[in-house]
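The values are calculated or read from the model by the stated rules, or taken from the named source; none is laboratory data. Just so it is clear, the structure is predicted and the values come from calculations on it, not from any experiment. Reconstructed Cβ throughout: ideal geometry from the backbone, glycine too, with neighbour counts over all protein chains shown. Just so you know, the surface numbers come from the protein's heavy atoms only, side chains and all, with ligands and any DNA or RNA stripped out. Shrake-Rupley method; radii C 1.70, N 1.55, O 1.52, S 1.80 Å.
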Amino acid sequence: MLLPLRDGRQQAHAFQTRHRHKDGEESPVQVFLQHFDAEGAEPYFLAVARDLSTLRQADAALVASEAKYRRIVETAQEGVWMIDEHDRTVLVNRSMGAMLGYAEHEMMGRSMYDFMNPAAVTLAQQNVERRRRGVEEQHDFELLRKDGEVVSVTMATNPVFDAQHRYQGALAMVTDVTARRKAEKATQESERRLANLIANLPGYVYQVANDAAYTPQYISEGVVQVTGYAQHEYLTERTISCGAELHEEDRERIQRLVDDAVGQHEQYECEYRIWTKSGELKWVWERGGGKYSPTGELEFLEGFVTDITSRVRAQAEREELEASLQHSQKMDLVGQLAGGVAHDFNNLLTIINGHAELGLELLGDPAAVRHDLTEIRKAGEQAAVLTRQLLSMSRKQIFVPEQVCLNAVVHEMTKMLDRVLRENIDLVVSIPAADLSVRAGRGHLEQIIMNLTINARDAMPEGGTLSIDLQALDLDHESTAGYPGLTPGAYVRLRFSDTGVGMDDQTRSRIFEPFFTTKEHGRGTGLGLSTVEAIVTQLGGAISVDTAPGRGTTFGIVLPMAAQGAGIATAPPNGPARGGTETILIVDYEEAIVRVASRILRSAGYNVLTSNSGEAALQMLGDTDGPLHLLLTDVVMPGMSGPELAARILKIRPRTSVVFMSGHADDAVLRHETFNGTARFVSKPFASDELRRQVRETLPAPQDVPATG
């Protein structure tokens, strides 16, 4: 193509053409043709030809290079973002568009700030001046996708300058780190939760080196709650090493257990004692194991330790409670056995003693036979005392509580105690002037006094002093703590103090067990103190013991105080009981008891009917219209019980008096309404005169006896 060029008067032409070389090859050339008018000469042309082959090759190379780098930019996984000096977008690749959800052309010409959240805009604007100064920077930003979602990116920015070092904009490489940031955040949250979990564990987590000192590598803050030592005392100050708190008696056992476990690549679990920083002894539970290298070498020990002191104490208390329960069950079984044996034994004693007394009454004066019968009666009376102890211990002895002046009982008993005590024992008795009354059976109080006196005597083989004192107590909530089972109120305390050998804790814990005794064989039954404890409990009181080896022993008997007034029991009257002519029905399943009771009452003039069962007794009454003044019946009988029989008879013979007799009875019988204050009771074995007296006192006066039942 001819391109005319004008330069003054000259004409210039430029065009491209092809020249053929000598070897036949062609190459592009550019020709510059200049026309000249020379004065005085012929006009001429000046031609300049330039070979364009090299230039074309350079252009092609440049185009290829640009295409190559364009392909690199377009196919790059990271985003490429170029902005001009006004922060407008001049270039983005597909990755950058996809990262933000735009087509490339949608981002072109727009400010980079259009794609940032406010916090990122502020940071980017602060970096503009540094970019203009040529500072290359890398920052984390939060960009906004087209759909409004936030994208976390890392942006490495390089400023761009021209040949005159004028700022032309910046080129940024943008990496999407959203997933990584979420993973990091999740990891941080997990670590935070783990740290919070460890901090709130009821114990501490540890990691110690496999060295002689078990040097702590990590230990959680909870260690202070267990050992009293703070975290820094283990990790930085090295005041103490893990395991140094271990109780010396447990060290060898725990060391052996840990060595065996890690030697077999197994976990270990153990309980042991530690000394805390304050010197307190605690129980802890530990579970741990070894951390091994790829070659199997032990590198660390790590695990968890928690305080189980309260659990161990609770376990000890539970075991003590279980032992106490087993002891209680054993005592209950012993009591049931004792009650059963005593019941049958009392029936036999009633027969033996009754016939002995009747024989004495009928015998007259022959000395030899009288002596033998008297010995039989004495043996029976001693056996009766033993059975009363058994029944008291088993809490099945029946008694009708009455208001008794304890001052009078103690005073009267001291006259007998001098004969029980040896001459080398001094008796000191202190009784207040004011009457102190309790609701009890007089015989029970005498048993308590006698048993505790004998116990004190035997505790002073070399002699000493027995002090007995009586006083009123007003117990409040605080003072009742020393007497389990008592409520605040007015009480009477009877105290026995001896200067004897005393007892150790082991003996003290067993003194109320039936048949337990420290005396040599044949010198005691082991029922004395168990009888006292049973009677005191049955009376609603409590017993305390203060003793130590070589310091003597003090027993304190505390009984509820009875209101002052009438009804205080007195000693039984002297002289034989009067008889009568009334009709009495005797009912007992033991025919021998019926026979001996019948002979005792007939000998006093009474008209006696007999039966060996409640059912037979009711049938007998139904077959006769004769009077019935008094029913004498056993309490516990096969089939119909004594109280049930009494209730049915009183419905048809309402004016009939009732006397119960038994060797023992259940609580259910004692609570029976027929027995509750409306009838008398005689305990087997009974003396003949005692039975006659109970019957006479129960019946109306002779002139008041009705003609019929």
Give me the number: length gained by fully extending Val90 to Arg133, i.e. 0.36 nm times residue separation minus the C-alpha to C-alpha distance, one decimal in nm.
-> 13.4 nm
Can you tell me how much longer the chain between Gln506 and Asn210 gets when fully stretched, taken as 0.36 nm per residue apart minus their C-alpha distance, in nm with one decimal?
-> 101.9 nm
Note the full-extension length gain between Glu478 and Ala179 as 0.36 nm times their separation in residues minus their Cα-Cα distance, in nm to one decimal.
-> 100.7 nm
For the stretch 590-659 (alpha-carbon point model, no solvent) the Debye-based log₁₀ I(q)/I(0) at q = 0.17, 0.24 Å⁻¹ works out to -0.61, -1.24
Measure of exposure for Ser190: accessible area at 1.4 Å probe, Å² rounded to 10, is 70 Å²
Would you work out the relative contact order for the stretch 125-243, in percent, from Cα pairs under 8 angstrom that are 6 or more residues apart?
-> 13 percent
Given R₀ = 56 Å, FRET efficiency for Gln403-Ser278 by Cβ-Cβ distance, to 0.05?
-> 0.45
Efficiency by 1/(1 + (r/R0)^6): what FRET value for Trp285 and Ala49, r their Cβ-Cβ distance, R0 = 60 Å, to the nearest 0.05?
-> 0.05
Largest-first ordering by accessible area, 1.4 Å probe, given options Tyr234, Tyr589 = Tyr589, Tyr234
Tensor-based shape of the stretch 190-282 (alpha-carbon gyration tensor, a/c under 1.5 rounded, otherwise prolate or oblate) | oblate
Cut-off 18 Å (backbone N to label point 7 Å along Cα→Cβ of Leu194), residues of the stretch 267-304 | 288-292, 300-304
For the stretch 221-290 versus the stretch 463-502, the gap between their alpha-carbon centres in whole angstrom | 49 Å
For the stretch 605-667, the per residue accessible area (1.4 Å probe, Å²) is 40 Å²
For the stretch 117-237, the Cα-Cα pair-distance distribution in 5 Å bins from 0, as whole percents, is 2, 9, 12, 12, 10, 8, 7, 7, 9, 10, 7, 4, 2, 1, 0
Restricting attention to the stretch 199-269, which trypsin sites (Lys or Arg not before Pro) occupy a DSSP loop and are surrounded by at most 12 other Cβ atoms within 10 Å?
-> Arg238
Label-point separation (nm) for His411 and Ser603, each offset 7 Å from Cα along Cα-to-Cβ?
-> 3.6 nm
Please report, as a whole percent, how much of the solvent-accessible surface of the stretch 186-260 comes from carbon and sulfur atoms (probe radius 1.4 Å).
-> 51 percent
Suppose R0 equals 51 Å; then what is the FRET efficiency for Arg551 and Asp250 from their Cβ-Cβ distance, rounded to the nearest 0.05?
-> 0.90
Please work out the Cα convex hull volume for the stretch 415-515 and give it in Å³ per residue.
-> 145 Å³
